[in-house]
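Data first, discussion second: the structure below is written as structure tokens.
Where a number appears in this text, it was derived from the coordinates with a stated rule and is not lab data. What you are looking at is a predicted structure, and each value in this text was computed from that prediction instead of being measured. Counting neighbours? That spans all protein chains shown, and the Cβs are built from the backbone with ideal geometry, glycine included.
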Ligand SMILES: Nc1ncnc2c1ncn2[C@@H]1O[C@H](COP(=O)(O)OP(=O)(O)OP(=O)(O)O)[C@@H](O)[C@H]1O
Ligand SMILES: [Mg+2]
């Protein structure tokens, strides 16, 4: 029988979520800029791909070529996965360039013609966006993960916050619950704060990232904790971690 649970294989996450999460979960990663939300999603993707799963990464903040460079900076080579389509970059950024008649010829480099590059004509059209997500989710049912970076950026282009909230509720019901694919999104603190609270309530899990406030004047020490995770046991305390190229997120023990 297909397992009910999903394990990330990312050191600090596995420590705070010793049983993993239920596959039928919509999870938010919240934190201010620089706390490591995007690197966390990149490592979640890389670990999943190494286990033979499929990954859909929905990019709102950067082009696929830029995302690839971020993976490389961590020592994670995902080029082959994108070429085969096991890692799909759903590009919700490049439409901005098209609207300004900017073409970055040759920008894809090794990803030119890769199966995993999926252009979204206009991510402000939420119905068309949803159709593309649903199609990928159906194909990967039960063996993959969907990562959205970032929902805050999506909010800046969505027609209005309530339509986006509706879309997230549909994602939770169809993608996470029906197709058993966890969905993890990032959310910056300090923008759309009213929306943040309704989104947290609509999610099954909330993970917080922060700089340790006790030493913040001296050093920016990254920390992570789980505030809520429906259906899973979790540690209640803040865990300190660092980003180590070649290794990913590493727990820093006191
Ligand atoms: N390749 C790398 N090598 C070492 N450290 C890195 C690397 N990539 C990221 N980091 C660390 O992670 C921090 C940024 O993380 P990240 O981009 O994930 O932040 P974020 O929370 O997504 O920010 P934002 O809200 O602005 O998107 C950097 O400031 C740096 O400390
Ligand atoms: Mg980020």
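Laid out as a table, the results:
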quantity: Largest to smallest principal axis extent of the C-alpha atoms in the range 43-101, angstrom; calculated: 39, 21, 17
quantity: Contour minus Cα-Cα distance for residue 252 and residue 72 (0.36 nm per residue); calculated: 62.5 nm
quantity: Segment residue 32-residue 107, length gained on full extension (0.36 nm per residue, minus Cα span); calculated: 24.0 nm
quantity: Segment residue 227-residue 124, extension gain: residue separation times 0.36 nm, minus the distance between their alpha carbons; calculated: 34.0 nm
quantity: Peptides 227-239, 9-21, 95-107 ordered by average Cβ neighbours within 10 Å, highest first; calculated: 9-21, 227-239, 95-107
quantity: Over the chain, relative contact order from alpha-carbon pairs under 8 Å, at least 6 apart, %; calculated: 30
quantity: Label-point gap, in nm, between residue 95 and residue 194 - each point 7 angstrom along Cα→Cβ; calculated: 2.5
quantity: Distribution of pairwise C-alpha distances over the chain, 5 Å bins, in %; calculated: 1, 6, 13, 19, 20, 18, 13, 7, 3, 1, 0
